[in-house]
Amino acid sequence: MSSQSSNAVLAKARAMYGRCLKDEDYRKLAECRTVTEVASYLKNNTSYGKVLRGINEGEIHRSRLEPILREELYYEIEALSRYESDHSLGFTQFMRAKLDIDQLVRCLILLNLGRPEDYLYTMPLSLDPFTDIHLGELAKVRSYSDVLSLLRNTRYYPVLLKYKPADGEKINIAELEVALNNLNYQTLYDAIRSFDDSSDKREIQELFSSMFDFENVERIIRLKKYYKMDSQKIKTILIPNGKLSKKKLDKLCEADDEGEVFELARSTYLGRMMSRLTYNDRSQMTEAMVCVYCKHHLRLSPNPTIVMVSYVYLKSIELKNIVNIIEAARYGISAEEKTRLLVK
């Protein structure tokens, strides 16, 4: 990347971060009592007004609001990737694949429920330009075989074929989603290893290796807590290429419960970061680590790709916070309880 392009990405990503929600915005959003009030505040007082322009906030359904808000993030990724380099292009493809996988999993969940036609009504058409799967075609699938036919010529096909359920059985959504995400992580890591600049390669590998560790700790906790999965099975579905050694990962997998996983994680390099975290529930720990890590790099790193990646992860957490506020408003949860759902 040329010096001029590097400076442009650094300036643009940091300017975008400056437009992210502030504590006062979160306070006012938490005080909103309905989805309409949340949409109105976002439209009239935040950077989301751009994608909400022309939307009647009094009529929009919560299921349509999330993809419209997410649209801003993908426009921003596209804008940053115009200062094109192999680095930014690889990350743009990684983010497109994350969107593909999210929509594919939503479709498969409905297949499991016997309601595949419902995907048509929740399909985020506004995000179609940012996906490599045609969402209109995905809405037409009525069986797992239809999914395989639609995606036969994509890199997702071998994973989907491996997890094809036997007749009469449900799709193993949890393991399939992990396998699809691992494929995406590995593709990204392979792209990073092909970089010519050894300094850039080392810095970006360091960033993503740490992110993979955060994700692995979260997976171990979630799989133990909600799926009661045994250690050997968990080991097979962790993301490779993290900084934690195999020995340390094995110990985390073999822990008796989520509390022991948490304590063992504190004894690794992650412990230094965990001591600085602010969160209300252990389920928020990974996102809190991402916040601390990415804020540090966004402010201080001279590497444009690292700043871009850090911004996108922080923006993604902001979007999740908004979705949590929307859901909480729907169920009449108090402002105080809404605030406890947020990671900042």
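Among (1) over 24 Å from P304 (Cα atoms); (2) free of Cβ contacts under 8 Å to residues at least 40 places away in the same chain, there is one condition K201 misses while meeting the rest; what is its number?
Every condition holds for K201 apart from (1).
Confirm whether T92 is under 25 Å from H296 (Cβ atoms), assigned to a helix (DSSP H, G or I) and not aliphatic (A, V, I, L, M). Let's see the steps before the verdict.
Values: under 25 Å from H296 (Cβ atoms): yes; assigned to a helix (DSSP H, G or I): yes; not aliphatic (A, V, I, L, M): yes.
Spelling it out, T92 is indeed under 25 Å from H296 (Cβ atoms), assigned to a helix (DSSP H, G or I) and not aliphatic (A, V, I, L, M).
Each row is one residue, and each column tells you yes or no for (1) assigned by TED's automatic domain parsing to the domain that holds L113; (2) within 27 Å of N303 (Cα to Cα).
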{"site": "L183", "(1), (2)": "yes, yes"}
{"site": "L223", "(1), (2)": "no, no"}
{"site": "K235", "(1), (2)": "no, no"}
{"site": "G242", "(1), (2)": "no, yes"}
{"site": "K248", "(1), (2)": "no, no"}
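Check every one of the helices (runs of 4 or more DSSP H) wholly within the range 187-287 and list those with 2 or more residues that are among the aromatic types (F, W, Y).
Values: elements: 198-226, 231-236, 246-253, 258-266, 270-274.
Here the list reads 198-226.
Just one of K315, K295 is under 17 Å from the mean Cα position of the chain (by Cα), more than 18 Å from R27 (Cβ to Cβ), assigned by TED's automatic domain parsing to the domain that holds C20 and of a type in the set (K, R); which is it?
On the way: K295 fails: assigned by TED's automatic domain parsing to the domain that holds C20.
Checking each option against the conditions leaves just K315.
Identify the residue in the range 328-344 that is crowded, with 16+ Cβ neighbours inside 10 Å and not basic (K, R) and, among all such residues, is nearest to the chain's Cα centre (by Cα).
Here the residue is V343.
For residues that are touching a residue at least 60 places away in the same chain (Cβ under 8 Å) and outside any loop (DSSP other than H, G, I, E, B), scanning just the range 14-26, find the one that is surrounded by the fewest Cβ atoms within 10 Å (Cβ to Cβ). Can you show your working first?
We begin by selecting, within the range 14-26, every residue touching a residue at least 60 places away in the same chain (Cβ under 8 Å); these are 14, 16-17, 20-21, 23, 26.
Then drop every residue that is not outside any loop (DSSP other than H, G, I, E, B), which leaves 14, 16-17, 23, 26.
Numbers: R14: 14, M16: 21, Y17: 18, D23: 9, Y26: 18.
Selected residue: D23.
Considering the range 27-45 alone, what residues qualify as being surrounded by fewer than 20 Cβ atoms within 10 Å (Cβ to Cβ) and more than 16 Å from H61 (Cβ to Cβ)?
Residues satisfying the conditions are R27, K28, E31, R33, Y41, N44, N45.
Among the residues of the range 237-288, count how many are modelled with pLDDT under 90, surrounded by fewer than 14 Cβ atoms within 10 Å (Cβ to Cβ) and hydroxyl-bearing (S, T, Y).
2
Could you please let me know if L10 is in the same structural domain as S316 (by TED's automatic domain parsing) and either within 23 Å of R340 (Cβ to Cβ) or not in a helix (DSSP H, G or I) (or both)?
No; evaluated as a whole, the condition is false for this residue.
If you go through the range 121-148, how many residues are among the small types (G, A, S), outside any helix (DSSP H, G or I) and surrounded by fewer than 16 Cβ atoms within 10 Å (Cβ to Cβ)?
The total comes to 1.
Select from the range 156-172 the residues that are surrounded by 14 or more Cβ atoms within 10 Å (Cβ to Cβ) and either in contact with a Cys (Cβ under 9 Å, 6 or more places away or on another chain) or over 19 Å from L113 (Cβ atoms) (or both) and list them in ascending order.
Matches in the range 156-172: Y156, Y157, V159.
The values are calculated or read from the model by the stated rules, or taken from the named source; none is laboratory data. All values derive from a computational prediction rather than experimental measurement. Glycine gets a Cβ as well: all are built from the backbone with ideal geometry, and neighbour counts include every protein chain shown.
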